[in-house]
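The values are calculated or read from the model by the stated rules, or taken from the named source; none is laboratory data. What you see is a predicted model; the values in this text were computed from it and never measured. Cβ sites come from the backbone with ideal geometry, for glycine too, and all protein chains shown count toward neighbours. Ligands, DNA and RNA are stripped out before the accessible areas are found, and what is left, the full protein with its side chains, is counted by its heavy atoms. Shrake-Rupley method; radii C 1.70, N 1.55, O 1.52, S 1.80 Å.
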Amino acid sequence: MSAKKFESHSTGSNFLETSQSIFKQINFPLAFATVALLVLGGVTMYSASLTISDASFIKQLFGMVLGLIAAALIMNVDVKKASSFTHALLIIDIILLISPLLPVIGVYSKGINGWVQIPGIGLRFQPAELAKLVTILLMASLVSQYNGKITSLKDYIKLCAILGVPFILILLQPDLGTGLILLVVGAVIIIMGGPKRKWVLITIALVVGLVAIVLITDPIIDATLGDSKSLLKEYQMNRLLVFVDPTLDPSGSGYNLQQSKIAVGSGGLFGKGIGQASQAGGGFLPEAHTDFVFALFAEEFGFVGVIVLLALFFVLIITTLYIGFVSRSMFGALTCVGIAVMWTFQLLQNMGMCMGIMPITGIPLPFISYGSSSMLAQLMAVGIVGSIYKHRS
Amino acid sequence: MSSLLQTVLVIVGLVVALVILAAGLIVYAKKSQAHKKAPGTKYKTDPNSTGPQINAQKITEEEGSRMVAMRTRLVALGAVVSGIISVLFFKTWSMQLVQSSEYVSLAEDNRTRVIPTKAPRGHILDRNGQVIVGNRASMVVMAQKDVLKDELIIKRLANVLGMPYAAVRRNIRDESQGAAAPRMVAMDVPMQTVSYIAEHPSQFPHITIESRSVRAYPHASMAAHLLGYTGPISQEDLERNKQNPDASITYQMGDVIGKTGLEAQYESVLQGIPGSQTLQVDAHGRVTKFLEEVAPIPGSDIQLSIDIDIQKATEKYLLEAIKIAKDIGRNATGGACVVLDPKDGSVIAMASYPTFDPTAFIGGIGAETWEDLTSDESHNPLTNRVIAGLYPAASTIKAFSAISALEYGIATPETGYNCAGKWKGFGEAWFKWCWLHSGHGGQNIRTGIINSCDSVFYSIAKDFWNSNEPEGLQHTFRDWGLGSKTGIDLPGEQAGRIPDAEWKAEYFKNYPPEDRQWRAGDTTNIVIGQGDVLVTPLQMAHAFCALNNNGKLIKPRLLSKVLAQGDNKPLIETSPEVTHQATVEPQFLELVLEAQRGVISNTTLSRYYENMEHKVAGKTGTAEVASKGDYAWFVGYAPYESPDYCIAMIVEQGGGGGTSAAPAVRKIFGHIYDEPMPEISIKVDNTR
């Protein structure tokens, strides 16, 4: 695998050899799945833009182009170099997550302080999307130092504590959905780093216990100090309750879930066709271009479309894990793990929420949901994976 | 979606997933082998180093094994990812293929709104095709109950509608159409008001205007009783309709249905099939598209045997008879008159007084009007006295008593009787008066009918009482349809009563035995149509028709045709239905008919009737009703030789039959044959 490759790399001058070198630099399944998902996302957003005034097809295209450029740039840089800038990554992460909370540039919308807008410029950006990538790089960088085996409990606790920093910062916004992604992604990276199984189990038990305490005490805090002081806001609590019983409040959170399920189910085998989705087009399905984009997709393209979507994600994620597999670098492998877990979790969360098997949280479906920040971050993630592939040896 | 296709798809999906997994495992296996074959493979190990480190230090055995361990974890993670994607795959499969139809219908419910369009009711026509009941459009102002919360809107409404504030408020509070249903504030609102309200929607929130098809009565309250009225369906009707599996129409709240009379009788024919407009709406209920329209199918028209012209005359002269009775000091409260065609049983006219205005019921009747119509002082204007008014038959029954006596051999045409005014057939202590206290002298059955001589019939009753057939009279009465429903196509017909011993024992079962026993006096009562005999005017006319049909009882009917929509081709055409054949010898029938001709020609009635070309026969009656004035009866038919018309009239508390009823019937015949009665002063006539 090695000798011939380096030869061709250094002396590649004729066409055949150049194309061979491109094959070796670009991972085709990764590129194909990404482009195909962008096409699906583009078509979905085009149809959404026909009926939903908030969804601008042009803006989405802009996000795609920007993301593709970013991905191409990143691919040509060896991201593995980032592993030596652990402290810088942590600082960038903190800055990104605090920025929406700052006055002047921070923007409050849809219940969270999640956006940044430079005064005078119309562009709005959600730093948490980038922070996900930075957190992945940060955690991969930290964990890879232990080279696949974490033997000291102190080190393990240190890792968990550092993961806690972005998690707590994002809860201040409070963006519970992105917080969950960070937690899951970071936790998987730590677990993949080889801590003792006992510690992991104890940690999970502690987290479950903590969540239980939060859920139990939330009504008490609400009653005594008011909803604004409690960790879980009322709408978040409602979403959880409705997840357990969707008939609880059909016109509130339960209504959204019910309409989303109707959209998915009524899509049938072949879907209703582009622009023919009555649930999304008639306004019955809320947030059809963002949080509930999968319901819109499933309504328009049906089961056949969903099979294609799932197959593409499967190819994308498995390829990413494969690239981690062949990367010969602990940092590269862990970064791929982080990105693969991020995509898997977002896919599970977004699709699962639309079908009522996951609670409702505003997590976008990568490459499909409306939003330039998300699009940029997801394509940058592809760029990172591509870079790891390109610089695998 | 066929289940075969579903299965194929699932299998294909699984195969694809397995192939991808297998391919991944094969690649992994090859890589592992490659590593084993080349233990000198280099790994990047220094996390802090910068740039590619292709020729960095050799990896130790332990570090190499760590990377292998990492790769094992990666494969495990790949398996977890595959598992998650499989879960999503199967969840989507179950929602989009297995439960899809359920969600499709829910999505349709969301997307579409179906607005029912009401079908116009069928018209009611007379025998000549003239419209008796039609339809007209009426603009109706409707209000949601939320309006009650805003006094200002009610005030504005009252203002533009020109109604009192309290009335508007009362109408909006009316929950008779369901608590959540819109309430009708006013109907027949002028176009000017309609456009004002329509142009100022912000001033009139929750107020809507509908155009409704409502019943139109070109002849006002004419024939109100037989036509009946329509009204919004009641909660009970709705329940009944739901529970009736045979119901051809499924009603909705707010539907207008026939409540009484022919409107109720032929509801299933008159009520059309509502159409619908299907609209596409968005989540805010805004209409985004017109999807389809199903046109309503109007109800079928029905043609009656009623003749508007004769109906009007009948009503006019009935009312006149009541007036005349009042003029001579009688406390006449009401009356009824029916005109039948003896040849086929069709009803040509039917009048009942007091009457009502069916327009009062359109859109639901107000409480005040309803009270007016049901109070004691109003004398039951809603009751159709022709079919539901129960009266003693009085002397009109004598023809049947005579037939009974002749048929049972109680008397022969030659049997002689003597009337001394006071009849003492059951002994001095039990004497009874003939209506003519001075007595009729020598009589037979024929003259007994002509003179309506009570003594003749008392003697017949006595002979029945003493015979083997003490209830022969009752058998004959019933044989001619008295005391039972005629079966006319109208709801609410009453049977009346022909009393007998069994009835009396049952009816007075809480009384001492001596009061429950059938007595000779009971028989002498029923022989002259008194006592507990109760008949309807329709029954009397029905029986008199049978006299002219050799004893054939033909069911009276109002409906002659149901007309198909668009053309006048009848869907249904009714035909005469003989329900019963009364037992009678032709010569007895002839005797009775001839005697009833004599009633007209040989008595004081001749002064009204004998100026007519068309010869009339008939019988008067004067019913004695406890604590009330005498009820005047007359049943007549013409032309005598082969009657085309049989008319029965009763005037409640109208005095003797010859005084009010007989001259009024003469005027109806006069109208029919265009032989008006000359100006003859009505004399008080005590003939029974």
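Of note:
- Residue in the stretch A:140-155 that is more than 14 Å from chain B (Cβ to nearest Cβ) and open to solvent by less than 20 Å² (accessible area, probe 1.4 Å) present: no
Let's see how each residue does on (1) open to solvent by 10 Å² or more (accessible area, probe 1.4 Å); (2) out of contact with any helix residue (DSSP H, G or I) (no Cβ under 7 Å at 6 or more places or on another chain); (3) closer than 17 Å to B:Val339 by Cα; (4) without any contact (Cβ under 8 Å) to a residue 24 or more places away in the chain:
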| residue | (1), (2), (3), (4) |
| --- | --- |
| B:Glu610 | yes, no, no, yes |
| B:Asp644 | yes, yes, yes, no |
| B:Met649 | no, no, yes, no |
| B:Glu679 | yes, yes, no, yes |
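- Among the residues making up the stretch A:348-379, those that are surrounded by fewer than 24 Cβ atoms within 10 Å (Cβ to Cβ) and away from chain B (no Cβ under 14 Å) are A:Pro359, A:Thr361, A:Gly362, A:Gly371, A:Ser372, A:Ser373.
- Residues considered: A:Ile190, A:Ile170. Of these, the only one that is among the hydrophobic types (A, V, I, L, M, F, W, C), modelled with pLDDT of 90 or more and touching a Leu at 6+ places or on another chain (Cβ under 6 Å) is A:Ile190.
- In the set (1) open to solvent by 70 Å² or more (accessible area, probe 1.4 Å); (2) under 30 Å from B:Ser234 (Cβ atoms); (3) among the aliphatic types (A, V, I, L, M), the condition left unmet by B:Leu148 is number (1).
- The helices (runs of 4 or more DSSP H) found entirely in the stretch B:314-421 that carry 2 or more residues being open to solvent by less than 10 Å² (accessible area, probe 1.4 Å) are B:385-388, B:398-407.
- The residue that is most open to solvent (accessible area, probe 1.4 Å), among those in the stretch B:612-642 that are basic (Lys, Arg) and in a loop (DSSP other than H, G, I, E, B), is B:Lys628.
- All of (1) in contact with a strand residue (DSSP E or B) (Cβ under 8 Å, 6 or more places away or on another chain); (2) open to solvent by less than 30 Å² (accessible area, probe 1.4 Å) hold for B:Leu291 with one exception: (2).
- Selection count where residues are open to solvent by less than 70 Å² (accessible area, probe 1.4 Å) and either modelled with pLDDT under 85 or on the phi > 0 side of the Ramachandran plot (or both), scope the stretch A:208-218: 5
- Of the residues B:Gly122, B:Gly134, B:Gly64, the single one that is out of contact with any helix residue (DSSP H, G or I) (no Cβ under 7 Å at 6 or more places or on another chain), more than 10 Å from every other protein chain (Cβ to nearest Cβ) and modelled with pLDDT of 85 or more is B:Gly134.
- Criterion (closer than 30 Å to B:Gln653 by Cβ, surrounded by fewer than 18 Cβ atoms within 10 Å (Cβ to Cβ) and small (Gly, Ala, Ser)) met by exactly one of B:Ser248, B:Ser234, B:Ser268, B:Ser221: B:Ser221
- Hits in the stretch A:107-123 (condition: in a strand (DSSP E or B) and either charged (D, E, K, R) or open to solvent by 70 Å² or more (accessible area, probe 1.4 Å) (or both)): A:Tyr108
- Selection of the stretch B:78-104 for residues being among the hydrophobic types (A, V, I, L, M, F, W, C), open to solvent by 20 Å² or more (accessible area, probe 1.4 Å) and within 7 Å of chain A (Cβ to nearest Cβ) yields B:Ile84, B:Phe89, B:Trp93, B:Val104.
Rundown of residues vs (1) in a helix (DSSP H, G or I); (2) open to solvent by 10 Å² or more (accessible area, probe 1.4 Å), yes/no style:
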{"site": "B:Glu506", "(1), (2)": "yes, yes"}
{"site": "B:Tyr511", "(1), (2)": "no, yes"}
{"site": "B:Asp515", "(1), (2)": "yes, yes"}
{"site": "B:Gln530", "(1), (2)": "no, yes"}
{"site": "B:Gln539", "(1), (2)": "yes, no"}
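- Per the conditions (1) open to solvent by less than 50 Å² (accessible area, probe 1.4 Å); (2) in a helix (DSSP H, G or I); (3) modelled with pLDDT under 85, the sole criterion not satisfied by A:Val184 is (3).
- Test result for B:Ala107, open to solvent by less than 50 Å² (accessible area, probe 1.4 Å) and more than 18 Å from A:Gly267 (Cβ to Cβ): no
- Qualifying residue in the stretch B:450-460 (condition: open to solvent by 20 Å² or more (accessible area, probe 1.4 Å), without any contact (Cβ under 8 Å) to a residue 60 or more places away in the chain, out of contact with any Asp or Glu (no Cβ under 8 Å at 6 or more places or on another chain) and not polar (S, T, N, Q)): no
- Of residues in the stretch A:251-306 being of a type in the set (S, T, N, Q) and over 23 Å from A:Gly371 (Cα atoms), the one nearest to the other protein chains (Cβ to nearest Cβ): A:Ser266
- Some residue of the stretch A:307-316 being surrounded by 24 or more Cβ atoms within 10 Å (Cβ to Cβ), closer than 30 Å to A:Tyr146 by Cα, more than 7 Å from chain B (Cβ to nearest Cβ) and modelled with pLDDT of 90 or more: yes
- Screening A:Ser329 on (1) facing another protein chain (nearest Cβ under 7 Å); (2) hydroxyl-bearing (Ser, Thr, Tyr); (3) under 20 Å from the mean Cα position of the chain (by Cα) shows it passes everything except condition (3).
- Any chance B:Glu469 is of a type in the set (Asp, Glu), assigned to a helix (DSSP H, G or I) and out of contact with any Cys (no Cβ under 7 Å at 6 or more places or on another chain): no
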